[in-house]
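In what follows, a structure is listed as structure tokens, so that the remarks can point back to it.
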Amino acid sequence: MIHFVLLISRQGKVRLTKWYSTYSKKERSKVLRELSGVILTRGPRLCNFVEWRGLKVVYKRYASLYFCMCIDPDGNELEILEIIHHYVEVLDRYFGSVCELDLIYNFHKAYYILDEILISGELQESSKRTVVRSVAAQDSLVEAAKEETGSTISNIIAHAAK
Amino acid sequence: MNPFSSGTCLRDMIRAIRACKTAAEERAVVRKECAAIRASINEDDQDYRHRNLAKLMFIQMLGYPTHFGQMECLKLIASAGFPEKRIGYLGLMLLLDEREEVLMLVTNSLKQDLNHSNQYIVGLALCALGNICSAEMARDLAPEVERLLQFRDPNIRKKAALCSIRIIKKVPALAENFINCAASLLKEKHHGVLITGVQLCADLCKVSSEALEYFRKKCTEGLVRTLRDIVNSPYSPEYDISGVTDPYLHIRLLKLLRILGQGDADASDRMTDILAQVATKTESNKNAGNAILYECVETIMSIEDDGGLRVLAINILGKFLSNRDNNIRYVALNMLMRATTLGAQAVQRHRATILDCVKDSDASIRKRALDLLYLLVNDNNVKPLIKELIEYLEVSDQEFKGDLTAKICSLVEKFSSEKIWYIDQMLKVLSEAGNFVKDEVWHALIVVISNASDLHGYTVRALYRAFLTSTEQETLVRVAVWCIGEYGDMLVNNVGMLDIEDPITVTECDAVDAVEVAIKRHTSDLTTKAMALIALLKLSSRFPSYSERIKGIIVQNKGNVVLELQQRSIEFNRILQKHPKFRSALVERMPVLDEATFSGRRAGSLPTAISTSSGAPSNLPNGIAKPATAPIPDLLDLSSDDVPAPSFSGGDFLQDLLGVDLSPTPAPSGADMPPKASTDVLLDLLSIGMPLPVQTGLSASDILSSSQDDKAPFVNFNGLASLSSLSANATSPANAAPMMDLLDGRGPGPQKSEENDQAYPSLVAYESSSLRVMFNFSKQRGSPQTTLIQATFTNLSSNVYNDFLFQAAVPKFLQLHLDPASSNTLPASGDGSITQNLKVTNSQHGKKSLVMRVRIAYKTNNKDVLEERQINNFPQNL
């Protein structure tokens, strides 16, 4: 099981955190501090696994972002690397060659996509197409609802203007 | 965006925060935003609710508190529209965790949404439930989730399956409800549902043996078939990852098969074919394929198998190990570690490769490889391996040295068939990484050296050589100093020369120089310096011609700010000055240290007799202090001392002795140190001083310890020892007795004084049919007049006592201080107790015992009860 997912920029800024095991606020910030210290300082050609407090953290760097997932010591590290890549590819498809700024300004979208890939720390869907389609369908529901309210408001305005 | 929006939108806020140059600016922006959000929340502004929440999520990610937004999540979730619910559930997952009480309020909304007609809303609710549900919510909502496992849309089924995992983890008792639905998921074709269904089955097996049995019987065949289908499936672009169809599904199936095959030969047998197929057919040039192989190897290792497959598995790992990718090598090491428990022989073949990995530049790999190598060492390969490891120690990173040193030391000790090899290897480690060597390791080395009498000369010379080249390794210095002190004469005279040794010429002057270097080194800590002082004292008798110079060095420490060193230096100086006639006997070589006792100590199983016996110092393993038969000379020569000794009050006496004023306040030597320190036999044995006050007694007895042979008729152990115990407890009048002993020279030894500080039996001060009062006594060391009493009140009746009040009165010669009680309600039938601390100071300590009148008032069944009693059965001497 994945205990948490972190996205940390090369400067140590947190871009996304998702906790599947229970961590208190204090523990969360401690985890972030400790791990960004360990991971950001590791050299480029070292392996992508860090042993940390009896657990393992699998991380991979994409451009300026580090994607980290923490798993049990007996988990399959190589698979987690694939899951990270899976997530990155879905992000890429959704945003169209994703960059860090996309994830900053649309951080909630990044969460929505992650929620379609992982639930309770387990993989939910292995098909990228299904994930993107599901998120897009929900986005269009939101758009439809917005237009509806928009049109009612413009109706009201039009009404009031008469 | 709403045309009437006021304030900043989310994008503007993020932009403003990103534009901040300093943390202070950022805080200011966030503070402003939070204030606006709070205001908006207070106005119950519905239009901006979702925007506020989105902002809060961003702010939370930056690490600021956002608890005030929690209720907004609930309101959004409770609203009707999908957009509101979507952001509301996201906020719920981000801003709350399962321990938050607010979470309970959402249960009802969740229940409604799980039954919603819009499947996306059902999906949102399942996702939130799966990520944060607590045990209570799991119980409440399990039936809904169970029903959704059969929902028509596969996207909901897969979400429900993962949600079930969370539920059974929180409440394992619910597992049996899910077994049948989970089994039916295994027949699905949709990959998402299959992946989550297999995962659910695996987790069910972990929490319920019933589920494990069920799946083992009913599903093993089906799973093997599914795995075969997926392995042989043609290319499908949707699930293909670098030439493998859905590696995630592969991995999950292998994982579940592992659980089913473990401990069941029949089930294992049914999966061997497919496992062999996966192990041989999977492409291993991409990460996805390797992930499958890795999982497959683990499954092969775990199931019951005749060994054919295992050879295959170890070979795969061997291939992994020679891979250039660090990740692959890491997992191979990880896996081989587990394989060693099955059969180390196959792993041994890869020893050389593993040794290379120990020297890798990657810390994760090094650590794994070292752990693995540690398991592979045996009698046959220990020598070459240790040689390699020690060579690597010279060039390894600083942060890795600690680990490496510990492992080497442990191995050398475990496989030390020959003493000379052990000593040689340890000396190498000490000179390379002495600062990383733990105390018990070098203590053990000294014990071994002491026992290897034919190697004393060789060892001390080797140490001397090592010392000259690497003085910065603390533990090397300690061991060297100890050996030079003990075997200094062998160093100088080349006693016991071995054939393999290079001859070396060391003069007496050189030996003293070496110890002087050790004591003057800035980095030397207290222990090293104290050891060096003892070594000097010993050398003064070994090399009488250098006695004056040694005295000079010792005297330099007379004014040392560290009490331990100061005291040692003064005592030793006095011995050198006043008592040359028995100095040589006093500093004879240490007797052979008892290995059995030492290893017993290390295991923490030191016989209690040693640590508690007060009157039996003869139990000490080095056999000190056999009762002296000869009349004891007045070692301290009190009356003729150059310091006038007007009276024999403890305080003054001590002042003379230490040249410091200790009397008014407890000695800086810390009167509250635990008494056990003085019985630290090992430290005593090795003459290691630590800044424990009581130990000063030992440093003295220590010097004497070498005279165990007792041929010399003067042994003044008791006298000196009790003297030192005095210095440790100087301010305590309770020590009047040992003081007297000192004067007549028949002291009961240092431990005697400890008895005064030992625990008093606790006392049932008062007991009636309804109430019991227990007193526990303790003393603060250094203030024998003051007794701390912890009173514990226990209710023996079946009614609760309210307004419980304890009062006490004492006669004039006592002073009483009452701390507040822990509570004023006493639960019924001993189901809890009240404690209260009392401090009694006895101005007539030693003459009169404590006495106390107590009154206890409380209410039970609305009746006032008053109980009174005089307590005069306090233990003596309080």
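Summary table
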{"quantity": "The stretch B:434-451 residues that are closer than 14 Å to B:Cys483 by Cα, paired with ones that are among the polar types (S, T, N, Q) and crowded, with 16+ Cβ neighbours inside 10 Å (beta carbon under 6 Å, 6 or more apart)", "calculated": "B:Trp442/B:Thr475; B:Ile449/B:Thr459"}
{"quantity": "Verdict on B:Thr475 being at pLDDT 80 or above and more than 40 Å from the chain's Cα centre (by Cα)", "calculated": "no"}
{"quantity": "Residue in the stretch B:52-68 that is free of Cβ contacts under 8 Å to residues at least 24 places away in the same chain, surrounded by fewer than 17 Cβ atoms within 10 Å (Cβ to Cβ) and within 13 Å of chain A (Cβ to nearest Cβ) present", "calculated": "yes"}
{"quantity": "Selection within the stretch A:10-43 - more than 11 Å from chain B (Cβ to nearest Cβ) and of a type outside the set (D, E, K, R)", "calculated": "A:Gln11, A:Gly12, A:Val31, A:Leu35, A:Ser36, A:Gly37, A:Ile39, A:Leu40"}
{"quantity": "Scan of the stretch B:228-241 for residues that are assigned to a helix (DSSP H, G or I) and either among the charged types (D, E, K, R) or at pLDDT 90 or above (or both), ordered by number", "calculated": "B:Arg228, B:Asp229"}
{"quantity": "Evaluation of B:Asn315 against (1) farther than 18 Å from A:Cys47 by Cα; (2) outside any helix (DSSP H, G or I); (3) without any contact (Cβ under 8 Å) to a residue 24 or more places away in the chain (one fails), failing number", "calculated": "(2)"}
{"quantity": "Any hit, the stretch B:31-38, residues being hydrophobic (A, V, I, L, M, F, W, C), at the interface with another protein chain (Cβ under 9 Å from one of its Cβ atoms) and over 18 Å from A:Leu16 (Cα atoms)", "calculated": "no"}
{"quantity": "In the stretch B:499-524, the residues that are buried (at least 16 other Cβ atoms within 10 Å of the Cβ) and of a type in the set (A, V, I, L, M, F, W, C)", "calculated": "B:Val506, B:Ala511, B:Val512, B:Ala514, B:Val515, B:Val517, B:Ala518, B:Ile519"}
{"quantity": "Number of the condition not met by B:Glu100 [criteria: (1) under 25 Å from B:Arg49 (Cβ atoms); (2) free of Cβ contacts under 8 Å to residues at least 12 places away in the same chain; (3) touching a helix residue (DSSP H, G or I) at 6+ places or on another chain (Cβ under 9 Å)]", "calculated": "(2)"}
{"quantity": "Matching residues in the stretch B:460-475 - criterion: being among the β-branched types (Val, Ile, Thr) and under 13 Å from B:Ala514 (Cβ atoms)", "calculated": "B:Val460, B:Thr469, B:Thr471"}
{"quantity": "Which numbered condition A:Phe67 fails, given (1) buried (at least 18 other Cβ atoms within 10 Å of the Cβ); (2) within 11 Å of another protein chain (Cβ to nearest Cβ); (3) under 30 Å from B:Leu333 (Cα atoms); (4) among the aromatic types (Phe, Trp, Tyr)", "calculated": "(2)"}
{"quantity": "Residue within the stretch B:190-205 that is away from every other protein chain (no Cβ under 14 Å) and either modelled with pLDDT of 90 or more or surrounded by 21 or more Cβ atoms within 10 Å (Cβ to Cβ) (or both) present", "calculated": "yes"}
{"quantity": "Residues that are under 37 Å from the mean Cα position of the chain (by Cα) and surrounded by 18 or more Cβ atoms within 10 Å (Cβ to Cβ), drawn from the stretch B:129-164", "calculated": "B:Leu129, B:Gly130, B:Asn131, B:Ile132, B:Cys133, B:Ser134, B:Met137, B:Ala138, B:Leu162, B:Cys163, B:Ser164"}
{"quantity": "Index of the failed condition, B:Ala28 passing every other in (1) free of Cβ contacts under 8 Å to residues at least 24 places away in the same chain; (2) within 11 Å of chain A (Cβ to nearest Cβ)", "calculated": "(2)"}
{"quantity": "All positions within the stretch B:800-831 that are assigned to a loop (DSSP other than H, G, I, E, B), more than 43 Å from the chain's Cα centre (by Cα) and surrounded by fewer than 16 Cβ atoms within 10 Å (Cβ to Cβ)", "calculated": "B:Pro811, B:Lys812, B:Phe813"}
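Listed here are the residues, each with its yes/no results for (1) closer than 28 Å to B:Val331 by Cβ; (2) within 9 Å of another protein chain (Cβ to nearest Cβ); (3) crowded, with 21+ Cβ neighbours inside 10 Å.
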site: A:Ile71; (1), (2), (3): yes, no, yes
site: A:Arg93; (1), (2), (3): no, no, no
site: A:Asp102; (1), (2), (3): no, no, no
site: A:Asp115; (1), (2), (3): no, yes, yes
site: A:Glu122; (1), (2), (3): yes, yes, yes
site: A:Ser126; (1), (2), (3): yes, yes, yes
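The values are calculated or read from the model by the stated rules, or taken from the named source; none is laboratory data. Computed from a predicted structure; not experimentally measured. Using ideal geometry, Cβ is built from the backbone for each residue, glycine included, and neighbour counts are taken over all protein chains shown.
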